[in-house]
1. Is it the case that residue 98 is among the hydrophobic types (A, V, I, L, M, F, W, C), more than 30 Å from residue 149 (Cβ to Cβ), under 18 Å from the mean Cα position of the chain (by Cα) and assigned to a strand (DSSP E or B)?
2. Would a scan of region 52-65 turn up a residue that is at pLDDT 95 or above, over 17 Å from residue 102 (Cβ atoms) and exposed (fewer than 11 other Cβ atoms within 10 Å of the Cβ)?
3. Going residue by residue through region 23-44, is there one that turns out to be assigned to a strand (DSSP E or B) and of a type outside the set (Lys, Arg)?
4. Under the condition of being loosely packed, with under 14 Cβ neighbours inside 10 Å and over 27 Å from residue 178 (Cα atoms), which residue from region 126-156 is modelled with the lowest pLDDT?
5. Which of the residues belonging to region 134-158 are under 24 Å from residue 29 (Cα atoms) and either in contact with a Lys or Arg (Cβ under 9 Å, 6 or more places away or on another chain) or among the aliphatic types (A, V, I, L, M) (or both)?
6. Scan region 116-133 residue by residue and report those that are of a type in the set (D, E, K, R), part of a strand (DSSP E or B) and farther than 18 Å from residue 162 by Cβ.
Amino acid sequence: MINHRSFPILAILSFLPLSAGADSVEDAVADIRAKYNQIENASLETKVIEFEPDDDPAYGKVTKYFRNGQLVKANYVFGQGDHGWADETYYYHNGQLFFIYVAGRSWRFTGRTLASGESETVDMMREHRLYFSNGSLIRYLMKEAESTDYDALGSLIAKAPNQLYQNPDLSSAARMRGFQIPGIGSSQDIATMLGY
């Protein structure tokens with residue numbers, strides 16, 4: 001478990017750029033992608049832990065993936081009913097977090113009324129990819145799409161270009177969850193992470 005008094009120092013260190021040049025970053029990203037592909041192509045054991053209270057629309061689910069007894073991947077899905085959800089996947093190598101994928105979906109009213117008399121909505125999706133090397137965030141990519149056609153959103157996000165991005169709040173929160181996820185062992189642990 002992480003010492004929370006050391007978190008501010010870890011948060012500051014995680015945003016410091018690598019002192020080496022662009023070639024070192026590209027080499028590190030290539031290494032991260034190779035580790036990612038090894039995990040995605042491996043046969044992994046799973047453990048699922050869920051939290052879904054009876055009297056609240058909130059939910060959370062953690063699926064842990066193990067190779068030879070060692071945690072290599074964890075998926076955390078959480079949301080507040082119909083108002084949106086997030087899907088975060090964390091990747092570990094020798095106990096160290098090296099990649100985070102975050103997908104989030106939400107919706108809002110457009111202010112227009114459909115022929116049926118219902119209010120029109122637009123669905124929005126964002127994907128974030130955070131690459132870490134030796135504990136430092138070295139690359140942050142984001143892509144986004146929105147559409148009034150819910151079924152079109154998947155193909156639109158697939159075609160959207162990745163952009164270099166910075167969001168210290170999101171990257172810091174996702175990284176903190178990446179440190180917490182290995183210690184999740186019960187639905188109460190998920191409830192605590194959700195703030196219940």
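1. Judged against the criteria, residue 98 is a match.
2. no
3. At the first step, the residues of region 23-44 found to be assigned to a strand (DSSP E or B) are none.
No.
4. Of everything passing the filter in region 126-156, 150 is modelled with the lowest pLDDT.
5. Within region 134-158, 137, 138, 139, 140, 141, 142, 143, 144, 157, 158 qualify.
6. 120, 123
The values are calculated or read from the model by the stated rules, or taken from the named source; none is laboratory data. Note that the structure is a prediction, hence the values are computed from the model and not measured. Heads up, the Cβs are rebuilt from the backbone with ideal geometry, glycines too, and the neighbour counts pull from every protein chain shown.
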